[in-house]
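Undergrad: I'd like to ask some things about the structure below.
The values are calculated or read from the model by the stated rules, or taken from the named source; none is laboratory data. In this text, all values refer to a predicted model and were calculated from it rather than measured experimentally. Neighbour counts are summed over all protein chains in view; Cβ atoms, including those assigned to glycine, are modelled from backbone coordinates with ideal geometry. Surface accessibility is based on the protein's heavy atoms, side chains included, excluding ligands, DNA and RNA. Shrake-Rupley method; radii C 1.70, N 1.55, O 1.52, S 1.80 Å.
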Amino acid sequence: MSVSELSLPQRVGRAVGESPVSERVAVAQEFVYGPVIDWARRSPFHTSALGHSAHPPLTDLTLGCWIGASILDVVGGAQARSSAMLLVGVGLAAAGPTAIAGAGDWAEMTGTERRIGAVHALGTDVAVFLLLGSLIARRRGRYALGMRLCLAGNVILAGAGFLGGHLALNRGTARRTTEAD
């Protein structure tokens with residue numbers, strides 16, 4: 001299939017997977033997270049018990065919390081501030097197991113998938129730091145800043161999530177099969 005026959009999302013996925021910059025991101029990820037990656041591969045969050053990776057369903061929890069917080073920020077007014085702050089915090093707590101599951105998956109990837117996964121992880125790392133900043137700002141009474149940081153984190157997560165979905169659904173990296181399958 002030629003590039004012109006691919007949809008825009010498929011072209012984006014291909015461009016990220018073939019980019020030399022993505023390879024540099026992957027090398028940096030290995031350097032930064034090297035000690036954690038092998039542990040993540042052996043962790044209970046990297047399992048075949050579900051028949052697929054645990055990472056995609058765990059992302060639903062983190063994203064649900066953070067998107068819910070932004071919805072409350074926009075429509076809930078001042079009375080929803082504590083609920084939005086709680087959702088940001090719960091999402092941050094869930095981000096740990098989600099990242100461990102993703103790192104375990106990434107440790108087994110090579111080539112294009114490894115490069116796409118590295119850019120996906122970089123995007124989620126940036127978003128997590130923005131959401132941590134959101135929580136800190138909210139706890140200090142700087143709700144407007146907390147709302148903006150949360151929204152920015154969600155925008156970045158949309159792009160990172162696209163790449164993660166591309167890996168899991170189009171490239172099949174979330175599958176766990178056994179010989180019996």
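Undergrad: Based on this model, can you work out whether GLY102 counts as open to solvent by less than 60 Å² (accessible area, probe 1.4 Å), of a type in the set (Gly, Ala, Ser) and more than 17 Å from THR173 (Cβ to Cβ)?
TA: It is false that GLY102 is open to solvent by less than 60 Å² (accessible area, probe 1.4 Å), of a type in the set (Gly, Ala, Ser) and more than 17 Å from THR173 (Cβ to Cβ).
Undergrad: Out of the residues in region 131-148 that are open to solvent by 40 Å² or more (accessible area, probe 1.4 Å) and of a type in the set (A, V, I, L, M, F, W, C), state the one that is nearest to the chain's Cα centre (by Cα).
TA: LEU132
Undergrad: From the list SER22, SER4, which one is at pLDDT below 90 and either part of a helix (DSSP H, G or I) or open to solvent by 80 Å² or more (accessible area, probe 1.4 Å) (or both)?
TA: The match here is SER4.
Undergrad: To continue, here is another question. Determine if region 150-164 includes at least one residue that is small (Gly, Ala, Ser), over 13 Å from the mean Cα position of the chain (by Cα) and crowded, with 20+ Cβ neighbours inside 10 Å.
TA: no
For (1) surrounded by 17 or more Cβ atoms within 10 Å (Cβ to Cβ); (2) not aliphatic (A, V, I, L, M), each residue gets a yes or a no:
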position	(1), (2)
LEU8	no, no
GLY51	no, yes
HIS55	yes, yes
ILE71	no, no
VAL88	yes, no
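Undergrad: Which condition from (1) in contact (Cβ under 8 Å) with a residue 12 or more places away in the chain; (2) more than 18 Å from THR62 (Cα to Cα) is the one that LEU169 breaks?
TA: Among (1) in contact (Cβ under 8 Å) with a residue 12 or more places away in the chain; (2) more than 18 Å from THR62 (Cα to Cα), the lone unmet condition for LEU169 is (1).
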